[in-house]
Amino acid sequence: MLFKQIHRFAAIFFAGLLTIGVVGCKSAETTEETTDTTDHWAGMEAILAEINPPEFRDATYDITEFGATADSDEDALPAIKAAIEACVAEGGGQVLIPPGNYVVNGPIHLRSNINLHVAEGANVKFSTEPSDYLPVVMTRWEGVECYNYSALIYAYEQENIAITGTGTLDGQASEENWWPWCGKGYGHEEGMPSQMDDHSRPKLYGWNDREVPVEERILGEGSYLRPNFIQPYKCKNILIDGPTLRNSPMWVMNPVLSENVTIQNVTVISHGPNSDGCDPESCKNVLIKNCFFDTGDDCIALKSGRNQDGRNIGRPIENVIVQGCEMKDGHGGVVIGSEVSGGARNIYAENCTMDSPNLDRAIRVKTNKIRGGTIENLFFRNITVGEVKEAVVRINMRYAIFSDATQEYIPEINNIYVENVTSKKSKYGVLIDGYSDEHPVKGLHLKNCRFDGVADGNKIEYATDLSFEDYYLNGELVQQ
């Protein structure tokens, strides 16, 4: 049965009440019981069948045979480049970084049919000197296309590439080098250069607003826009399996405009600014499985470009599966947005655990009035949440705007299914900020969920077609 329209500034209903809390919700329509028997998860199996990790020729190219010396201060990058070139020339295979400590003074650029294998006991430490990551390469920075510093590990228009092995890749970012560029905290002091400078992020965002041709968007030296750690750009058949990734300058794993991506058994520990763990962007057919995230920003954030670039390119993030991951610190566990102007669809997350007093939210969707795009068909099940700071489910259509706020491309959010999710402590159970009566969040469905230790109940503004079935808040069934 549908609720009648609820007036703005209605009170929050706290956890002990047998009802849903709604604040300022001009249209919060809920359905007492769901009669939808559709197997929404059948689509996940079809996507899994399309995702296949690449295979490689059985040949090994040990970087120590090309001049690298373990446990020394010598730059191993020339040897890595030579090993990659030899491997490519002979049809591909494994480029091996054997046990030991290695210094790499610049980016590793992967080529087709190369498996970069970081062996158990190998510890690769990347330079923190920005000039080592020049010349600039084609990249995206916070969802905007440009030419900027190379990612620490980068590939452009390659196929069949991998980073495997249980060794460690350490970006060595800290408050002494990359992180102060964020412009606030993390070692930044007044007078230091940062991404906030007029010739850095504001310039890039302005280019995007004005649709300046990408070939004219040259950044790099003097721009103070940090590179990401791993970025395959316009690649196919990607595997990242096993390594520990530490201390990234910015986003840790960021495949862009790529297809058939498998990321599994990866440990991410990076507590810097914008240290998102895994940010597939405008990608199709992505599997993220059995990974551990302890980050300074979102653990997993699914993206599709910012504002004009995202809308013009029009490539959604789609057909993404997250399975068996563990999230510790971060701004969100599984997140869609905020750079999601190309849209997001067919997202599945299951069998994950999320627990930390420093994890803000478990399931999160974030966008704003200038993003545009449609976010739809999001499925979450069998997720165990210990403690989160804010909300178990957080949907926000009024996320912060950092560029021209006079634009208006209001996004759509439709069809979110949350099933068999439990939590022990949070401020809110469900927290929704839709945009307006005309642009609400549509179709949030909760089934068999139990949120305990909730301080302030649910808070919902501008949402329609909500349905709750066997949803318990602090032990009380939420009635419709």
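Taking strands (runs of 3 or more DSSP E) that do not extend beyond segment 376-480, which have at least 1 residues that are farther than 30 Å from LEU204 by Cβ and within 21 Å of the chain's Cα centre (by Cα)?
Of the strands (runs of 3 or more DSSP E) lying wholly inside segment 376-480, those with at least 1 residues that are farther than 30 Å from LEU204 by Cβ and within 21 Å of the chain's Cα centre (by Cα) span 391-396, 412-425, 428-433.
Being of a type outside the set (Ser, Thr, Tyr) and in contact with a Lys or Arg (Cβ under 9 Å, 6 or more places away or on another chain) is the filter here, so list the residues in segment 430-446 that pass it.
VAL430, LEU431, ILE432, ASP433, GLY434, ASP437, HIS439, PRO440
Within segment 152-164, is even one residue at positive phi, part of a loop (DSSP other than H, G, I, E, B) and surrounded by 22 or more Cβ atoms within 10 Å (Cβ to Cβ)?
No, that holds for no residue.
Say whether the condition of being on the phi < 0 side of the Ramachandran plot, more than 14 Å from the chain's Cα centre (by Cα) and of a type in the set (Phe, Trp, Tyr) is met by at least one residue in segment 218-236.
Yes, some residue in segment 218-236 is on the phi < 0 side of the Ramachandran plot, more than 14 Å from the chain's Cα centre (by Cα) and of a type in the set (Phe, Trp, Tyr).
Only strands (runs of 3 or more DSSP E) wholly contained in segment 241-332 count here; list those with 2 or more residues that are of a type outside the set (A, V, I, L, M, F, W, C) and surrounded by fewer than 24 Cβ atoms within 10 Å (Cβ to Cβ).
Result: 244-246, 259-264, 284-289, 317-323.
Condition check: under 18 Å from ASP309 (Cβ atoms), touching a Ser or Thr at 6+ places or on another chain (Cβ under 8 Å), small (Gly, Ala, Ser) and not in a strand (DSSP E or B). Does GLY187 satisfy that?
The answer is no for GLY187.
For the condition surrounded by fewer than 24 Cβ atoms within 10 Å (Cβ to Cβ), closer than 24 Å to PHE293 by Cβ and at pLDDT 95 or above, what is the one hit in ARG345, ARG398?
The conditions single out ARG345.
Which one of these is surrounded by fewer than 17 Cβ atoms within 10 Å (Cβ to Cβ), out of contact with any Gly (no Cβ under 8 Å at 6 or more places or on another chain) and without any contact (Cβ under 8 Å) to a residue 40 or more places away in the chain: ASP71, ASP62, ASP58?
Exactly one residue qualifies, and that residue is ASP62.
Give the residue, chosen from ARG217, ARG246, ARG201, that is in contact (Cβ under 8 Å) with a residue 12 or more places away in the chain and touching a helix residue (DSSP H, G or I) at 6+ places or on another chain (Cβ under 7 Å).
None of the other options fit; the residue is ARG217.
Between a residue in segment 271-288 that is under 17 Å from HIS331 (Cα atoms) and any residue that is of a type in the set (Phe, Trp, Tyr) and modelled with pLDDT of 95 or more, which pairs come within a Cβ distance under 7 Å, given they are 6 or more apart or on different chains?
Here the result reads GLY272/TRP179; GLY272/TYR186; PRO273/TRP179; PRO273/TYR186; ASN274/TRP251; ASP276/TRP251; GLY277/PHE293; ASP279/TRP251, each pair linking segment 271-288 to a residue that is of a type in the set (Phe, Trp, Tyr) and modelled with pLDDT of 95 or more.
The values are calculated or read from the model by the stated rules, or taken from the named source; none is laboratory data. Computed from a predicted model, the values in this text were never measured in an experiment. Please note: Cβ atoms are built from the backbone with ideal geometry, for glycine as well, and neighbour counts cover all protein chains shown.
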